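Beneath this line is the structure, given in C-alpha cells, with notes to follow.
The values are calculated or read from the model by the stated rules, or taken from the named source; none is laboratory data. Bear in mind that the values here come from a model prediction, so they are computed numbers and not experimental data. No Cβ is skipped: glycine too gets one built from the backbone with ideal geometry, and neighbour counts run over all protein chains shown.
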Amino acid sequence: MSSIVLAQEAAKTVSDSGLAAIGYGLAAIGPGIGVGLVFAAVINGTARQPEAQGKLMNMGFSTFIFTEVLALLGFVLYFIAS
C-alpha cells in the first residue's frame, strides 16, 4: 500500500473516534436530564406528601438505575465504535 492510502486510513480512524466521542457526549445529555427530572419529581412528591417519602425514594432510585443504564450503554457503544 502506498503512504497516501495509509494516511487516509489513519485519518478515517481518527475521524471515526472523534465522531464517536461527540456521539457519546450527546448521548450523555439525555440520561443527565432524565436523572434530574426523576429526582425533581421525588423532591416535589415528598414536599407534597412527606409520609410517602419511602415509596417515592424507592421508585426514584429504581428509575435512576434504569436511566443510568442508558448512559452506560452509550459509554460501551463509544468504545465499540472507536
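Observations on the structure shown:
- Contact map, segment 65-80: first residue surrounded by 11 or more Cβ atoms within 10 Å (Cβ to Cβ), second residue part of a helix (DSSP H, G or I) and of a type in the set (Phe, Trp, Tyr), Cβ cut-off under 8 Å, separation 6 or more or different chains; pairs are Gly74/Tyr24; Phe75/Tyr24; Leu77/Tyr24; Tyr78/Tyr24.
- Test: residue in segment 42-51 that is loosely packed, with under 12 Cβ neighbours inside 10 Å and modelled with pLDDT under 85: no
- Checked against (1) within 28 Å of the chain's Cα centre (by Cα); (2) at pLDDT 70 or above, Ser15 meets all criteria but (2).
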